[in-house]
Protein chains: 2
Amino acid sequence: MVPGAVDRTITSITSTKIPTCQSGDTVAAILEQLVGNQWESADTIYVLKDRRLIGRIDITNLLQAADTTHASRLMERAKARMHPDADREHAVFLAVKEDRDEIPVVDGDGRLIGAVTSQAIIDTMHREHLESALLSAGIQKTGIKITDLASARVRFAVRSRAPWLLFGLVVGLFLSVISSQFEATLRETIALAFFPPVIAYIADSVGTQSEAIAVRAFAVMDIDYGPYLLRELFIGLIIGSMIGVLGGLGATFIAGSLQIGVVVGLSLFVSSAVATLLASLIPIGFILLDVDPALGSGPLATALQDIISIVIYFLFALTLL
Amino acid sequence: MVPGAVDRTITSITSTKIPTCQSGDTVAAILEQLVGNQWESADTIYVLKDRRLIGRIDITNLLQAADTTHASRLMERAKARMHPDADREHAVFLAVKEDRDEIPVVDGDGRLIGAVTSQAIIDTMHREHLESALLSAGIQKTGIKITDLASARVRFAVRSRAPWLLFGLVVGLFLSVISSQFEATLRETIALAFFPPVIAYIADSVGTQSEAIAVRAFAVMDIDYGPYLLRELFIGLIIGSMIGVLGGLGATFIAGSLQIGVVVGLSLFVSSAVATLLASLIPIGFILLDVDPALGSGPLATALQDIISIVIYFLFALTLL
């Protein structure tokens with residue numbers, strides 16, 4: 001669990017004062033019951049049978065129907081529904097997927113507990129998006145408002161931002177330690193020192209793209225990980241070969257050495273392919289560990305990609321030069 | 001304007017069949033008018049005077065009021081409102097800021113044109129967040145669904161992802177050209193070759209944080225750029241000094257040279273401070289140019305930060321060694 005977590009249960013955002021009716025009720029009876037009561041939301045009337053949710057009627061449909069129409073004629077299936085144990089993000093997911101602005105919450109027996117209203121969905125959606133965006137930028141604060149971060153005391157801003165940067169520094173110095181292990185190789189072929197930044201840069205960029213897609217796709221789709229990873233690897237190989245050929249040509253020209261061009265080109269190719277795969281695997285890992293996958297689209301993934309790409313580079317250099 | 005832009009006007013998502021009333025109408029009269037009509041949304045009843053919008057009544061408040069109450073007693077000011085020329089993202093902004101799930105659209109004379117309903121707000125919010133996230137990951141496709149990117153033909157995926165990667169490659173090779181200009185310095189002090197990746201990595205991380213905050217803060221707050229930039233620079237100086245001292249100590253240890261430690265530490269310090277400032281300036285620049293600021297939280301900003309940080313590093317090396 002991410003530190004500083006807020007209450008993410010559906011219950012915390014469920015409205016319970018919502019209108020219900022029985023399938024045999026007429027429109028006139030439902031309207032009569034609607035008036036004079038204090039609802040938290042009246043957008044949807046939920047149709048119950050033995051307290052079990054069997055359907056929903058949009059208030060716009062209710063208002064245009066004839067007085068004598070029965071609820072059973074007007075209702076549609078309440079397909080989108082949630083269990084109270086679900087994460088509140090699930091309400092957002094269902095709202096987007098099923099094109100609804102209110103999602104009912106039912107218990108294990110199908111009995112209506114309440115509903116997450118449009119206002120709660122909009123609010124939750126905004127918070128979740130903000131948290132993911134900040135988290136993947138390496139700013140770890142949950143339940144925060146962007147206005148706080150942009151205007152609060154400097155001390156607060158530094159404390160939100162420093163931890164992942166210090167982690168990044170450790171990773172970065174580790175990159176330097178790796179490079180220092182290849183001092184002899186570097187000394188022999190000084191031009192090798194020109195290219196680590198471009199190798200890390202490209203691996204990071206390719207990975208960032210894969211993560212952005214994976215994190216969001218896994219949130220809304222039922223995905224077979226196997227084929228998804230194969231497809232990503234295939235994309236990585238295609239993109240990697242384009243980047244590898246062009247980058248290799250560029251490096252040949254810059255270093256004035258075909259051998260170095262080949263090392264740079266091969267490294268770009270292999271590390272791009274590895275980055276697509278790794279960047280999709282990390283969010284899967286986090287999902288399996290029940291951690292917010294957005295964490296995997298940030299500094300942690302960048303770190304791994306940078307390290308792997310630099311190692312690949314020096315191994316090619318050692319082997320081919 | 002970003003290529004491939006979709007219709008972003010409010011009009012494209014405005015519902016016009018929404019209930020209205022006059023301030024003198026009684027609850028009974030409003031309810032009577034509500035029933036039997038086909039509304040696109042009935043969440044809010046808009047109170048008009050000479051077709052001008054003067055207030056709003058939530059349907060939940062209408063339902064619980066006594067029959068003889070007048071609209072003027074029930075209504076609240078419709079503070080959150082939009083002009084039809086506004087960007088549709090503005091509806092999302094107002095919904096979040098004013099805690100509303102429906103936003104009325106009024107013309108220049110204050111006459112009600114329609115309303116953006118909760119469903120349109122949820123849908124727009126989802127699309128805008130997705131587009132920003134993909135754009136800042138260097139995937140340029142507007143009006144796309146994440147499911148398309150995660151499952152569509154490989155060719156489509158490659159075409160969405162390749163342009164910014166090729167841009168990144170050009171930038172990366174430019175980094176190599178810069179390094180190659182310092183070949184003599186590198187040859188003299190080979191340990192200098194160990195640190196460019198960590199310098200670029202930290203500048204990039206600090207910048208990514210600043211961009212994530214700036215892009216979102218500028219979207220929801222009225223910000224005085226001057227004080228905001230000064231505050232960011234101050235944060236950059238604090239963070240930079242922490243990272244600079246620790247990184248400098250690490251580099252001293254790795255390279256076995258205090259001189260190199262000083263070069264690395266100072267470079268980390270200066271490039272962190274510059275990165276916070278630059279990362280806030282780029283979104284401001286894009287806003288002034290009327291381009292989506294999310295574009296500035298991505299590959300373009302990373303590129304600039306990497307280049308500047310590497311130049312800073314080698315200049316310190318040249319000056320101090």
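Answer with yes or no whether B:Arg51 is over 34 Å from the mean Cα position of the chain (by Cα), of a type in the set (D, E, K, R) and farther than 24 Å from A:Leu34 by Cα.
On the way: over 34 Å from the mean Cα position of the chain (by Cα): yes; of a type in the set (D, E, K, R): yes; farther than 24 Å from A:Leu34 by Cα: yes.
In short, yes.
Among (1) crowded, with 18+ Cβ neighbours inside 10 Å; (2) more than 7 Å from chain B (Cβ to nearest Cβ); (3) under 20 Å from the mean Cα position of the chain (by Cα), which single condition is A:Pro227 missing?
Failed condition: (1).
Failed condition for A:Met242, given (1) more than 7 Å from every other protein chain (Cβ to nearest Cβ); (2) in contact with a Leu (Cβ under 9 Å, 6 or more places away or on another chain); (3) farther than 19 Å from B:Ile202 by Cβ, with all others met?
(1)
In region B:75-93, how many residues are open to solvent by 60 Å² or more (accessible area, probe 1.4 Å) and either modelled with pLDDT of 90 or more or assigned to a helix (DSSP H, G or I) (or both)?
Result for region B:75-93: 6.
Considering only residues that are more than 7 Å from chain A (Cβ to nearest Cβ) and farther than 24 Å from A:Arg100 by Cβ, which ones fall in region B:130-163?
B:Leu135, B:Ser136, B:Gln140, B:Lys141, B:Thr142, B:Ala152, B:Arg153, B:Arg155, B:Phe156, B:Arg159, B:Ser160, B:Pro163 - these are the residues of region B:130-163 that are more than 7 Å from chain A (Cβ to nearest Cβ) and farther than 24 Å from A:Arg100 by Cβ.
If you take the residues of region A:120-129 that are facing chain B (nearest Cβ under 7 Å) and free of Cβ contacts under 8 Å to residues at least 24 places away in the same chain, which of them is least open to solvent (accessible area, probe 1.4 Å)?
A:Ile122
Kindly check whether there is at least one residue in region A:58-74 that is in contact (Cβ under 8 Å) with a residue 24 or more places away in the chain, part of a loop (DSSP other than H, G, I, E, B), within 13 Å of another protein chain (Cβ to nearest Cβ) and under 26 Å from the mean Cα position of the chain (by Cα).
no
Any idea which residue in region A:253-271 is nearest to the other protein chains (Cβ to nearest Cβ), counting only those that are farther than 17 Å from A:Glu188 by Cα and without any contact (Cβ under 8 Å) to a residue 40 or more places away in the chain?
A:Phe253
Name the single residue, out of those in region B:18-44 being among the charged types (D, E, K, R) and not in a helix (DSSP H, G or I), that is surrounded by the most Cβ atoms within 10 Å (Cβ to Cβ).
Only one residue tops the list, namely B:Asp43.
Residues being surrounded by fewer than 18 Cβ atoms within 10 Å (Cβ to Cβ) and either within 12 Å of B:Thr185 (Cα to Cα) or not assigned by TED's automatic domain parsing to the domain that holds B:Ala193 (or both): count how many of those fall in region B:289-321.
5
Give region B:54-73 a look and list any residue that's open to solvent by 10 Å² or more (accessible area, probe 1.4 Å) and more than 17 Å from A:Ser41 (Cβ to Cβ), or say none.
B:Ile54, B:Ala66, B:Asp67, B:Thr68, B:Thr69, B:His70, B:Ser72, B:Arg73 - these are the residues of region B:54-73 that are open to solvent by 10 Å² or more (accessible area, probe 1.4 Å) and more than 17 Å from A:Ser41 (Cβ to Cβ).
Could you tell me which residue of region B:45-57 is nearest to A:Gln119 (Cα to Cα), considering only residues that are in contact (Cβ under 8 Å) with a residue 60 or more places away in the chain and in a strand (DSSP E or B)?
In this case the residue turns out to be B:Tyr46.
Please go through region B:94-115 and give me each residue that is free of Cβ contacts under 8 Å to residues at least 60 places away in the same chain and part of a loop (DSSP other than H, G, I, E, B), ordered by number.
Matches in region B:94-115: B:Asp99, B:Arg100, B:Asp101, B:Asp107, B:Gly108, B:Asp109, B:Gly110.
A:Pro84 is checked against (1) farther than 30 Å from A:His129 by Cα; (2) touching a Ser or Thr at 6+ places or on another chain (Cβ under 6 Å) and fails just one. What number does that condition carry?
(1)
I'd like to verify a number: residues in region A:173-218 that are without any contact (Cβ under 8 Å) to a residue 12 or more places away in the chain, surrounded by fewer than 24 Cβ atoms within 10 Å (Cβ to Cβ) and closer than 19 Å to A:Ile284 by Cα, how many?
1
For region B:104-119, give me each residue that is of a type outside the set (Asp, Glu) and more than 11 Å from chain A (Cβ to nearest Cβ).
B:Pro104, B:Val105, B:Val106, B:Gly108, B:Gly110, B:Arg111, B:Leu112, B:Ile113, B:Gly114, B:Ala115, B:Val116
The values are calculated or read from the model by the stated rules, or taken from the named source; none is laboratory data. Keep in mind that this is a model prediction, so the values were computed, not measured. A quick note on method: Cβ atoms are made from the backbone with ideal geometry, for glycine too, and the neighbour counts reach across all protein chains shown. For accessibility, only protein heavy atoms count, side chains too; no ligands or nucleic acids. Shrake-Rupley method; radii C 1.70, N 1.55, O 1.52, S 1.80 Å.
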